[in-house]
Amino acid sequence: MAPKDIGLYGLAVMGQNLALNFASHGYRVTVANRTQKTTEQFVAENGQEYDLSGAADAAKLVARLEPPRRLILMVKAGAAVDALTDELIGLMEPGDVIVDGGNSHWQDTTRRVQAAAASGINFVGAGISGGEQGARYGPSIMPGGSPAAWEHLRDPLTSIAAQVDGEPCCAWIGPDGSGHFVKMVHNGIEYADMQAIAEAYHLLRSGGRSVAETAAVFRRWSSGPLNSYLIDITVTILEREDVDGEPLIEKVLDTAAQKGTGRWAVDAALDLGQPTTVITESVLARSLSALKDQRVEASRVLAGPQTGTGAEESDLESALLCTKIVGYAQGFMLIRAASGELGWTLDSSAIASLWRGGCIIRAALLSDITRAFQRQPELTNLLLDQHFAEVVGGAQEAWRRVVAGAVTDGVPVPAFSTGLAFYDGLRSERLPANLIQAQRDFFGAHTYERIDRPRGSSFHTDWTTGGANESGS
């Protein structure tokens, strides 16, 4: 049998669709799976149309690949990736490439890059976004790891990626686990975006609009600055009827699950000292939604206000846009912090560009974000770009009306409200943190800095005695 261009191990839905994507772009692909029956069935169903073959196990898969071998893993993150990587390192040769295309934790990927390098193997962690359809017809791909691998991966990965304005939504991210880190941030922004859309939906429905009327609002928004994949699928969801003719969305249980990448983004933000409040509140909102039994009980015990009138459609559109912008701004803050802390030198404009198509958070807004970072590569915060400062500044009054109205009406809007609080905090030259630091110095002698002395000088006061009894260093 002739050597194959691409090997792929793991034939769940994403793996199958990626294999077909490579094959439809002219690559010879051989596949394998833990369960050989799945491999045989997949090849039987697709082998007539595409150049596909199956291998019984990892060893036979490696044997069919032409050096330097390119082997993509599409298996469950965690122990399965470790076990398979260890096996493959023993089977492959220096210069070969292993690509983990799953949602692995970026620190695990960094460890695997280093372990593989000891044997001369190039390991890559590639974040892949777009779901089943994206994997088949063009995802957004975020590869990072061993730099030497990119010359072997550039052509196949960019060819199968989504294309926007003639440019592939795939670019080399950086070393170590940077590819999976950026995918993790993507997912954090995804959490924020979905939560903000859900809050807009909640406000529209609580204000008296029917599901059909709410769908019509989102449809109108889809042709404006909010145009995005998530807005589009929201319209489709709201317009879908059940077999009895009633809106199907009304029968979906109000508990949102999560697989962990959102929590990882929050953990990374805490480690790097970044206030990704919209992402964090969106993760916690899912946790609150999971407390269904407690919420049912509390609804019978805890009092709330009388039902209000809801929000004006134009105000709500502005509030959703502002919250979405803050969510992206916080995601890029996290990327910038990791770039500096870990020495990755990540390119924010390139990252924004590759999110313009294929991925779950693809949106018209990302073209503006790309241009913002192209204008100012060292931009510390997206909100400081002139375009976004003007957009949010001009929409802030509507945003405030929406949040104030939601509080008055008793409708929870954690993403909207924490996004506004972040905006107000960021634009405040002076915050009450001086009192917090004084309290810390009072009970723990943690010291403080003074506004009338050079930054970096520390002072301690015995707050219980009179006079200027402070010490500094």
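Within the chain, how many Lys pairs sit with Cα atoms under 19 Å apart, leaving out pairs fewer than 8 places apart on the same chain?
Final tally of qualifying lysine pairs is 9.
Using the alpha-carbon atoms, what tilt in degrees (0 to 90, nearest 10) does helix 277-289 show relative to the longest principal axis of the chain?
80
Let me see the pair-distance distribution of region 87-175: every alpha carbon pair, 5 Å bin width, integer percents in order.
Calculated over all Cα pairs of region 87-175, the distribution is 3, 15, 25, 23, 17, 11, 5, 1, 0 percent.
Where nothing but the Cβ of Lys and Arg (+1) and of Asp and Glu (-1) is charged, how large is the charge dipole of the chain around its Cα centre, in debye to the nearest 20?
Details: 40 positive and 56 negative charges, 67 e Å.
Charge dipole, the chain, about its Cα centre: 320 debye, nearest 20.
Once the mean 1/r over all distinct Cα pairs of the chain is inverted, what Kirkwood radius in angstroms do you read off?
One decimal place: 24.6 Å for the Kirkwood radius.
Assuming a viscosity of 1.306 mPa s and a temperature of 10 °C, what translational diffusion coefficient in µm² per second does Stokes-Einstein assign to region 235-362, Rh being the Kirkwood radius over Cα pairs? Walk me through the intermediate numbers first.
Values: Rh = 18.2 Å.
Approximately 87 µm²/s, per Stokes-Einstein.
Based on the alpha-carbon gyration tensor of region 363-406 and its eigenvalue square roots a ≥ b ≥ c, which shape applies: rounded if a/c is under 1.5, prolate if not and a/b is larger than b/c, or oblate? Display every interim value, and only then the final one.
Values: a/c = 3.16, a/b = 2.25, b/c = 1.40.
Prolate.
Which shape class, rounded, prolate or oblate, goes with region 222-300 when its Cα gyration tensor gives a ≥ b ≥ c as root eigenvalues, a/c under 1.5 marks rounded, and past that a/b bigger than b/c marks prolate?
It comes out oblate by the Cα gyration axes.
Rounded, prolate or oblate, given the Cα gyration tensor of region 123-232, with a/c below 1.5 counting as rounded?
prolate
Give the distance, in whole Å, between the Cα centre of region 218-273 and the Cα centre of region 77-122.
A separation of 33 Å, based on Cα centres.
Can you give the calculated 222 nm mean residue ellipticity of the chain, where each DSSP H run of n ≥ 4 adds -39,500 (n - 2.57) and the sum is split over every residue, rounded to the nearest 500 deg cm²/dmol?
-17000 deg cm²/dmol
Taking loop as defined by DSSP and a crowding limit of 11 other beta carbons within 10 Å, which trypsin sites (Lys or Arg not before Pro) in region 238-312 fit?
Here the sparse-neighbourhood loop sites are Lys259, Arg300.
Accessible area per residue of the chain at 1.4 Å probe, in Å²?
The answer is 47 Å² per residue.
Have a look at Val411, Ala338, Ile360 and report the one farthest towards the positive end of the charge dipole of region 325-448, computed about the Cα centre with Cβ charges (Lys/Arg +1, Asp/Glu -1).
Ile360
With only alpha-carbon atoms in the gyration tensor, what are the semi-axes of the equivalent ellipsoid for region 207-265, in Å, largest first?
Rounded to whole Å, the semi-axes are 23, 19, 10.
Report, to the nearest whole %, how much of the accessible area of the chain belongs to carbon and sulfur atoms, 1.4 Å probe, protein only.
Carbon and sulfur: 51 percent of the exposed surface of the chain.
So for region 327-463, Kirkwood radius off the Cα pairs, Stokes-Einstein at 20 °C and 1.002 mPa s: how many µm² s⁻¹?
My calculation gives 118 µm²/s for D.
Taking the chain as the reference, fit the longest principal axis to its C-alpha atoms, fit the long axis of helix 433-444 to the helix C-alpha atoms, and give the angle between the two in degrees, 0 to 90, nearest 10.
Compared with the principal axis, the helix lies near 90 degrees.
Across 10 Å bins from 0, what is the distribution of all Cα-Cα pair distances for region 172-311, in whole percents?
10, 30, 35, 19, 5, 1
The values are calculated or read from the model by the stated rules, or taken from the named source; none is laboratory data. If you're wondering where the values come from, they're calculated on a predicted model, not measured in any experiment. A quick note on method: Cβ atoms are made from the backbone with ideal geometry, for glycine too, and the neighbour counts reach across all protein chains shown. For the accessible areas, the whole protein counts, side chains as well, though only heavy atoms, and no ligand, DNA or RNA atoms are used. Shrake-Rupley method; radii C 1.70, N 1.55, O 1.52, S 1.80 Å.
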